[in-house]
Amino acid sequence: MGKQLAPTRALAAKLIHGAFTILHENGNEMNMKDLFKQIEKKISLDDWEKERYEKSGYIRWQSVLQFFSIDCIKAGYLIKKSGTWYLTPEGVEASKESPEKLLENASKAYKKWKSEQPIIDKKDDEVEETIEENDSIVVFSDIQEKAIEGLVNYINRKNPYEFQDLVAALLRGMGYYTPFIAPKGKDGGIDIIAYKDPLGTTLPRIQVQIKHRESSASVQEIRQLMGLLQKDGDVGLFISTGGFTTDAKNTARTSHVHVELIDQNRFIELWESFYPKLNDQDKSLLPLKPVYFLASDE
């Protein structure tokens, strides 16, 4: 019989395994806010696990999950980007182990990465104190989540043509020319054409289709864009703020023509990355201001 885990590690094991299961049930990716809501619904949590730390005011189970998620990142099981958690293929495989074994494997990977740390685990009360006092991970995740939520709400308030202008601005920031932006009219077909040079003589030539709505883009819509890519050097770019169905993703992935899919999270990531290269007029369409934090181990 294996050694019984101390309370904090037992909570971490339960949360990590439960979070991995929920992620896998939802296509291996979820917004952190939605993931935490599902954890509250599906994982039994007692009063101690749900109470707030006296010093920081953060909820214990959320802080513990954030703290030990670093182990999972270093093990290659988990990726966090712009407020979204992604379960990797290695994470899917690792989740087949027991909660205790999953945590053990993740912690070993973290210790290997951070070789200067002691081999022997800290006592549970020391881990608990570390989680409570070193709350920068939770603070950063909380602020990042609020920032992403604010950007999402701002984008969602734009009408389809305003969002189309936003996409064109991003492409210009990436170094493309946008000679064609579809005027208001019937939905369907190509919304933006982007070139690497003013005349479109340099490959690739990007044909862009945009869906700005809550529902996911379907496989039929992806195939419609694929059918419009008639010339050698044509690349399809499908941007959907509502995301994509699983069939749509699989179709784009296995297509003989290059069709790149960009959901709302990835659009925000690209906007943040290329924001310094936008001109002032384009920046004003979705203005950003950087906030700097001390880097964590994530």
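The values are calculated or read from the model by the stated rules, or taken from the named source; none is laboratory data. Keep in mind that what you see is a predicted model, and the values were worked out from it rather than measured. Note: ideal-geometry Cβ built from the backbone for every residue, glycine included; neighbour counts use all protein chains shown.
Just a few scattered comments:
- Looking only at region 1-52, residues that are aliphatic (A, V, I, L, M) and touching a Pro at 6+ places or on another chain (Cβ under 8 Å) come to 2 in all.
- Against the conditions (1) in contact with a Gly (Cβ under 8 Å, 6 or more places away or on another chain); (2) under 21 Å from Ile148 (Cα atoms); (3) surrounded by 18 or more Cβ atoms within 10 Å (Cβ to Cβ), Lys33 satisfies every one except (3).
- Candidates Ile22, Ile73, Ile43, Ile39, filtered to the one that is surrounded by 14 or more Cβ atoms within 10 Å (Cβ to Cβ), in contact with a strand residue (DSSP E or B) (Cβ under 9 Å, 6 or more places away or on another chain), without any contact (Cβ under 8 Å) to a residue 40 or more places away in the chain and not polar (S, T, N, Q): Ile22
- Listed by position, the helices (runs of 4 or more DSSP H) contained in region 74-163 that have at least 1 residues being at pLDDT 95 or above, touching a Gly at 6+ places or on another chain (Cβ under 9 Å) and farther than 26 Å from Lys55 by Cα are 89-94, 99-113.
- Of the residues contained in region 251-270, one or more are found to be polar (S, T, N, Q), under 20 Å from Gly189 (Cα atoms) and assigned by TED's automatic domain parsing to the domain that holds Gln164.
- In region 24-32 there is at least one residue matching the filter, namely being on the phi > 0 side of the Ramachandran plot and assigned by TED's automatic domain parsing to the domain that holds Lys108.
- Restricting Thr202, Thr254 to those that are over 23 Å from Pro287 (Cα atoms) and more than 25 Å from the chain's Cα centre (by Cα) reduces the list to Thr202.
- Helices (runs of 4 or more DSSP H) contained entirely in region 1-58, each with at least 1 residues that are of a type outside the set (Ser, Thr, Tyr) and under 15 Å from Tyr86 (Cβ atoms): 7-25, 32-42
- Region 1-58: number of residues that are of a type in the set (D, E, K, R) and at pLDDT below 90: 4
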